[in-house]
Amino acid sequence: MDRRCLPLNALRAFEATGKHLSVTAAANSLFVSQSAISRHILALEAQLGIKLFERKHQHLELTQAGRMLLPVVNKSFDRIEQTLKAILDEGAAPRRVLQMQMPPTFAHNLAVPILCEFRDAFPDIMLDLTISNRVGMSENNGDIVVVYSKPEVNDLIADLLWHVRLTPLCHPSLLERRKASDLEDLLAHNDIVHVQLEGQPRHRLWEHFMRQAELHNVSVNRGLVFDTASLAAQYAMSGTGVALLDPLLFLDELRRNALVQPFDAWVDDGYGYYLLTHSDDLMDDAIASFRSWMIKRFSGLSLQNGALVVRRKASDLEDLLAHNDIVHVQLEGQPRHRLWEHFMRQAELHNVSVNRGLVFDTASLAAQYAMSGTGVALLDPLLFLDELRRNALVQPFDAWVDDGYGYYLLTHSDDLMDDAIASFRSWMIKRFSGLSLQNGALVVPPCPR
């Protein structure tokens with residue numbers, strides 16, 4: 001297609017619709033009407049002579065052509081935005097921003113704590129990290145993607161970071177309450193904690209483990225089901241259940257004795273963590289550098305979380321922020337640096353630029369990076385009380401911003417006739433009623449009975 005005929009407005013409409021898989025959501029994100037989005041999509045499909053979306057009853061799905069086009073359009077608009085932003089901000093040469101996707105537990109426990117090393121080695125490359133629970137080597141929507149997958153043959157370059165092996169882990173208190181004579185006894189008398197992989201049966205991993213361990217008398221059709229290994233580990237650390245986990249993802253918890261491996265039993269499910277890149281992107285110095293760094297960093301799995309180091313004493317808040325990385329949490333559909341920009345206006349700190357540092361899509365990942373001792377994150381301390389108690393995070397200055405957001409519990413009014421929903425709603429309201437922070441300690445009302 002001739003560059004002079006590129007339908008830029010239609011491509012913007014396609015990008016937004018492909019991201020949300022909804023014409024209504026795409027229209028809201030671009031502040032235009034739904035009919036305008038629909039006209040642009042139809043015009044683009046007519047110009048290409050091929051369908052980009054399948055219209056289902058209540059949603060849209062990308063066709064094969066749509067899946068090919070979306071990541072290219074995403075990258076192109078991202079790079080245009082980055083370049084224009086750099087020109088408008090300082091007139092300086094644009095800094096390359098790498099768009100990364102990673103599974104949540106991999107990112108939280110392994111990647112984020114060591115990204116500060118990459119930042120030290122390549123200070124001119126900015127990183128935007130988003131989380132994806134996708135399993136398998138489907139289309140690559142970022143510059144760098146880490147996936148949890150079995151080996152697959154496709155057009156992507158797939159570098160194996162490591163092969164996953166799972167073993168039962170639990171909290172030591174669970175073993176102290178009742179001494180298990182063997183693995184079968186342990187699993188029969190405690191909760192089973194599941195991690196469900198996308199598109200797979202709820203209890204598949206544990207069922208595979210039980211078959212391989214030849215434990216045919218223990219049912220695993222019970223217990224809680226989580227969609228990330230990190231949440232499953234958190235529940236296991238409460239001392240209530242046994243989770244099937246890869247210990248390489250939880251080295252810190254094993255060192256602290258928050259998790260233990262009671263029996264030497266393993267299952268190999270054929271999965272691993274793979275680093276995906278497009279072959280064409282290896283001509284991009286930033287992508288090639290990050291790929292080489294990741295392969296080298298994970299070779300031999302020498303994974304040690306960096307300790308928090310105080311490098312220089314900041315005289316005031318402005319001094320602290322001016323001389324350290326700014327760690328961002330991007331809310332969906334909002335500008336990358338909006339929270340920090342709001343904070344700086346409210347604090348009347350007009351001489352410090354926040355258009356730098358790393359961007360994450362969860363506060364948890366931002367906190368992990370801040371705990372590496374490299375940057376300052378804007379966080380709600382109520383979400384990180386354990387880290388504050390352990391001095392893994394500190395509040396250096398008494399400065400706050402209220403952005404009008406909160407956590408809300410949503411239910412349909414008709415569902416309040418359901419005893420289970422009504423009971424859980426009442427329990428949650430009582431549990432969080434009066435929640436407050438006093439001198440760094442969380443004040444929680446007694447657990448309702």
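Considering only residues of region 317-357 that are outside any helix (DSSP H, G or I) and acidic (Asp, Glu), which is nearest to THR130 (Cα to Cα)? Working first, answer last.
So in region 317-357, the residues outside any helix (DSSP H, G or I) come out as 323-337, 347-357.
Checking the rest, the ones that are also acidic (Asp, Glu) come to 325, 332, 348.
Numbers: ASP325: 18, GLU332: 11, GLU348: 30 Å.
Ranking the qualifying residues of region 317-357, first place goes to GLU332.
Given (1) free of Cβ contacts under 8 Å to residues at least 40 places away in the same chain; (2) farther than 26 Å from THR130 by Cα; (3) in contact with a helix residue (DSSP H, G or I) (Cβ under 8 Å, 6 or more places away or on another chain); (4) assigned to a helix (DSSP H, G or I), where does ALA10 come up short, assuming only one miss?
Looking at each condition in turn, ALA10 falls short on (2).
Which residue pairs have Cβ atoms closer than 9 Å, lie 6 or more positions apart in sequence or on different chains, and pair a first residue in region 182-201 that is assigned by TED's automatic domain parsing to the domain that holds PHE226 and free of Cβ contacts under 8 Å to residues at least 12 places away in the same chain with a second residue that is surrounded by fewer than 17 Cβ atoms within 10 Å (Cβ to Cβ) and β-branched (Val, Ile, Thr)?
Partner pairs satisfying both residue conditions: none exist.
Filter region 209-223 for residues that are out of contact with any Lys or Arg (no Cβ under 9 Å at 6 or more places or on another chain), touching a residue at least 12 places away in the same chain (Cβ under 8 Å) and assigned to a loop (DSSP other than H, G, I, E, B); which is nearest to GLY241 (Cα to Cα)?
Looking at the filtered set, the residue picked out is GLY223.
Among the residues of region 283-304, is any in contact with a helix residue (DSSP H, G or I) (Cβ under 6 Å, 6 or more places away or on another chain), farther than 25 Å from GLY373 by Cβ, surrounded by 14 or more Cβ atoms within 10 Å (Cβ to Cβ) and at pLDDT 85 or above?
yes
Tell me, yes or no, whether region 80-98 has at least one residue that is modelled with pLDDT of 85 or more and surrounded by 14 or more Cβ atoms within 10 Å (Cβ to Cβ). Let's see the steps before the verdict.
Within region 80-98, the subset modelled with pLDDT of 85 or more is 98.
From what's left, surrounded by 14 or more Cβ atoms within 10 Å (Cβ to Cβ): 98.
Yes, region 80-98 contains at least one residue that is modelled with pLDDT of 85 or more and surrounded by 14 or more Cβ atoms within 10 Å (Cβ to Cβ).
Considering only residues that are touching a strand residue (DSSP E or B) at 6+ places or on another chain (Cβ under 8 Å) and modelled with pLDDT under 90, which ones fall in region 174-195? Before you say what the answer is, go through the steps one by one.
First pass over region 174-195, keeping only residues touching a strand residue (DSSP E or B) at 6+ places or on another chain (Cβ under 8 Å): 174-175, 183, 186-187, 190-195.
Once the filter is applied, which keeps residues that are touching a strand residue (DSSP E or B) at 6+ places or on another chain (Cβ under 8 Å) and modelled with pLDDT under 90, region 174-195 yields only LEU175.
Could you tell me whether region 277-285 includes any residue that is over 22 Å from PRO151 (Cα atoms) and assigned to a helix (DSSP H, G or I)?
Going residue by residue through region 277-285, those that are over 22 Å from PRO151 (Cα atoms) are 283-285.
Next, from what is left, pick out any that are assigned to a helix (DSSP H, G or I): 283, 285.
So far as region 277-285 goes, yes, one or more of its residues are over 22 Å from PRO151 (Cα atoms) and assigned to a helix (DSSP H, G or I).
When both residues are 6+ apart or on different chains and their Cβ atoms are under 9 Å apart, which pairs have a first residue that lies in region 379-408 and is on the phi > 0 side of the Ramachandran plot, and a second that is not acidic (Asp, Glu)?
From residues that are on the phi > 0 side of the Ramachandran plot, the pairs are ASN391/LEU308.
(1) within 23 Å of the chain's Cα centre (by Cα); (2) surrounded by fewer than 17 Cβ atoms within 10 Å (Cβ to Cβ); (3) at pLDDT below 85: which one isn't true of LEU382, the others all being true?
That leaves (3) as the condition not met.
Scan ALA188, ALA236, ALA258, ALA213 and give me the residue that is among the aliphatic types (A, V, I, L, M), loosely packed, with under 15 Cβ neighbours inside 10 Å and over 19 Å from the mean Cα position of the chain (by Cα).
Numbers: ALA236 fails: loosely packed, with under 15 Cβ neighbours inside 10 Å; ALA258 fails: loosely packed, with under 15 Cβ neighbours inside 10 Å; ALA213 fails: loosely packed, with under 15 Cβ neighbours inside 10 Å.
Residue meeting the stated conditions: ALA188.
So which of LYS51, LYS19 ends up being outside any helix (DSSP H, G or I) and surrounded by 14 or more Cβ atoms within 10 Å (Cβ to Cβ)?
Values: LYS19 fails: outside any helix (DSSP H, G or I).
Just one listed residue meets the conditions, LYS51.
If only one of VAL444, VAL376 is at pLDDT 85 or above and among the aliphatic types (A, V, I, L, M), which one is it?
Working: VAL444 fails: at pLDDT 85 or above.
Being at pLDDT 85 or above and among the aliphatic types (A, V, I, L, M) holds for just one of VAL444, VAL376, which is VAL376.
Just to be sure before I move on: is ILE41 modelled with pLDDT of 90 or more and either surrounded by fewer than 15 Cβ atoms within 10 Å (Cβ to Cβ) or not in a helix (DSSP H, G or I) (or both) in the structure I sent?
On the way: modelled with pLDDT of 90 or more: yes; either surrounded by fewer than 15 Cβ atoms within 10 Å (Cβ to Cβ) or not in a helix (DSSP H, G or I) (or both): no.
So ILE41 fails the test.
In region 234-276, how many are acidic (Asp, Glu) and outside any loop (DSSP other than H, G, I, E, B)? If you could, list the steps in order and put the result at the bottom.
Of all residues in region 234-276, those acidic (Asp, Glu) come to 246, 252-253, 264, 268-269.
Still in the running and outside any loop (DSSP other than H, G, I, E, B): 252-253.
So the count comes out to 2.
Criterion first (surrounded by fewer than 19 Cβ atoms within 10 Å (Cβ to Cβ) and within 30 Å of GLU253 (Cβ to Cβ)) does ALA111 satisfy it?
Numbers: surrounded by fewer than 19 Cβ atoms within 10 Å (Cβ to Cβ): no; within 30 Å of GLU253 (Cβ to Cβ): yes.
In short, no.
The values are calculated or read from the model by the stated rules, or taken from the named source; none is laboratory data. Quick caveat, the model's predicted, so the values are computed rather than measured. Neighbour counts run over all protein chains shown; Cβ positions are idealised from the backbone, glycine included.
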